[in-house]
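The values are calculated or read from the model by the stated rules, or taken from the named source; none is laboratory data. All values reported here derive from a predicted model rather than from experimental measurement. As a convention, Cβ positions derive from the backbone with ideal geometry for all residues, glycine included, and neighbour counts pool all protein chains shown. Remember, those area values only see protein heavy atoms, side chains included, never the ligands or the DNA or RNA. Shrake-Rupley method; radii C 1.70, N 1.55, O 1.52, S 1.80 Å.
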Amino acid sequence: MSNLKILLDESDIPTHWYNVVADMPNPPAPYLGPNGQPVTPEMMSAIFPPGVLEQEMSAERWIPIPEKVREIYRLWRPSPLYRALPLEQMLDTPAKIYFKYEGVSPAGSHKSNSAVAQVYYNKIAGINRITTETGAGQWGSALSLAGNMFGVTIRVYMVKVSYDQKPMRRTMMQTWGAEVLASPSNLTEAGRQILAQHPDSQGSLGIAIAEAVEEAASRKDTNYTLGSVLNHVLLHQTVIGLETRKQLEKAGDYPDVIFAPCGGGSNVGGMMFPFLADKAAGKNIRLVAVEPTSCPTLTRGKYAYDYGDSAGLTPLMLMYTLGHNFMPPGIHAGGLRYHGDSPLVSQLCQEGLIEAVAVPQVATFEAGVLFARAMGIIPAPESSHAIRAAIDEALRCKQTGETKTILFTLSGHGHFDMSAYEKYLSGELQDLNYPEADLQDSLQHLPNISI
Ligand SMILES: *Cc1c(COP(=O)(O)O)cnc(C)c1O
């Protein structure tokens, strides 16, 4: 049971992010404005700083990581890669299982990798105030941490239901000095409109995005940030896959299959893109995004142009989508409840380079608990989706006798998700499916843009 943990030196923290656009078989589809014409960087400059916009549009393969950002990464990077020997033994599988653990960041998930970079680019552009939205609270926490490090004021619009149900995440953000508001709030037009119609509204991610964007667009001193989906976010997350490649080299191994949980696609892109060039060059490696059956964007959604928010404020993006009016059931993996997906991940899925599977809620918690008992680490419910898929693959190997190398991202810890674990342990948790009729209804409201 030795050599469980594969570590790197601080000097092994990547010096550059990897931009998959340079190696994609086809260039990414452009973002479109309401008139159907491509959106220019200038049109987004009211809410994003130049450094971020440049990365959003870049086709350069390697993009330098600013020294100041690398310095902060050193607080928790390189993150450990583990060979899950006790889990392999528990499953009695001939497969090898590795996982990259991103829960070691102070905010507890991979989201800090992009939060630090995004706040940095705002800071050097002279922006000292940032708004954002948060659903489950992981992105809000990561951004609050980064804002505190750079002396940038952070205002988080937190979906009201989470604000009430997840007071610990709220307090975490406040501890780092952020201002946290329940959304819908009466501070924005978008919020006031909703409250006028539904005084008891519990909020949604779409409403919170609308509030954060409205405020950033209306104030010169304020910008907006997004924690997933967009190209620059996936770019920042490639430190995960780049480090993992080095760690596996050190272990003398290479994955046959990689799993990552998929909400907006940032840890999928972060882990898988650095392996994608190998795949495109003919290497036999499977890249599998794992999503909930209750929010089955890649497995049951449509590849079409759609808005990123429910209010229709964002540019149109070509992606797999369940429709921007989609109301996901209240599953406990809050970070995976998004109607769309990263345009880059979507396009690579469409082209067959990335695959997707969906797993149901109860089975993911079962996998999460089994993992916690084997490895000690209590996973975030989002991460447990990848664990479920990895375990299923290892059990298939047991049937066939294959000695595959399986790799997955453990995107965060689940220390703030104890009420969800409690529900699972007491047998109250249920599988929630998304009815086909609701899906068809939601897809009827897609903007009419042919591809
Ligand atoms: C937000 C989150 C996810 C899903 O977001 P992606 O952008 O798809 O990576 C997965 N795991 C954790 C722990 C998260 O916080």
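General remarks:
- Accessible surface of ARG300, taken over heavy atoms with a 1.4 Å probe and every protein chain present, rounds to 80 Å².
- Look at the alpha carbon pairs under 8 Å that are at least 6 residues apart: their mean separation over the length of the chain gives a relative contact order of 19 percent.
- Percent carbon-and-sulfur accessible area, the chain, ignoring ligands, DNA and RNA, probe 1.4 Å: 50
- With an a/c value of 1.5 or above and a/b larger than b/c for the gyration tensor axes a ≥ b ≥ c computed over the alpha-carbon atoms, region 158-286 is described as prolate.
- For the chain, the solvent-accessible area works out to 38 Å² per residue, with a probe of 1.4 Å and every protein chain left in place.
- With 25 Å as the limit, the listed pairs LYS160/LYS302; LYS100/LYS250; LYS123/LYS166; LYS100/LYS423 have LYS160/LYS302; LYS123/LYS166; LYS100/LYS423 beyond it between alpha carbons.
- Taking a sphere under 14 Å around the Cβ of GLY335 and counting the other residues whose Cβ falls inside, with K and R at +1 and D and E at -1, yields a net charge of -2.
- Share, in percent, of DSSP beta bridges within region 242-330 that are antiparallel, nearest 5: 55
- Neighbours of SER141 by Cβ distance under 9 Å: Lys/Arg scored +1, Asp/Glu scored -1, total +2.
- Sequence-distant lysines (8 or more away, or on other chains) whose Cα lies within less than 17 Å of LYS398: LYS96
- Principal axis analysis of the Cα atoms in the chain yields extents of 60, 48, 47 Å, listed in decreasing size.
- Region 214-360, relative contact order [Cα under 8 Å, separation at least 6], %: 25
- Reducing region 111-157 and region 314-346 to their Cα centroids gives an inter-centroid distance of 22 Å.
- Compared with the direct C-alpha span, the chain from GLN430 to SER218 gains 72.1 nm at full extension, assuming 0.36 nm per residue.
- Accessible area of LEU75 in the full protein assembly, 1.4 Å probe (Å², nearest 10): 110
- Rolling a 1.4 Å probe across all protein chains gives PHE273 an accessible area of roughly 0 Å².
- If the chain linking TYR254 and ASP200 were pulled fully straight, counting 0.36 nm for each residue of separation and taking away their Cα-Cα distance, it would gain 14.2 nm.
- Label-point gap, in nm, between GLN399 and ASN186 - each point 7 angstrom along Cα→Cβ: 5.9
- Environment charge of TYR254, counting only residues whose C-beta is closer than 13 Å and scoring Lys/Arg +1, Asp/Glu -1: +4
- Each residue, GLN444 and VAL362, gets one label point 7 Å from its Cα in the Cβ direction; the gap between the two is 3.3 nm.
- Computed [θ] at 222 nm, helices only, for the chain once each DSSP H run of length n ≥ 4 contributes -39500 (n - 2.57): -12000 deg cm²/dmol
- Note on region 296-451: Rg/Rh from C-alpha atoms, Kirkwood Rh, equals 1.01.
- Within the same chain, aspartates and glutamates fewer than 8 places from LYS404 are excluded, and of the rest, those with a Cα less than 15 Å from its Cα are GLU88, ASP92, ASP253, ASP256, ASP392, GLU393.
- Compared with the direct C-alpha span, the chain from ASP278 to GLU60 gains 76.7 nm at full extension, assuming 0.36 nm per residue.
- 13 Å Cα-Cα reach of LYS246 towards aspartates and glutamates, excluding residues that sit fewer than 8 places from it in its own chain: ASP9, GLU10, ASP12
- If you take the Cα centroid of region 3-74 and the Cα centroid of region 75-93, the two points sit 28 Å apart.
- Share antiparallel - DSSP beta bridges, the chain, percent rounded to 5: 35
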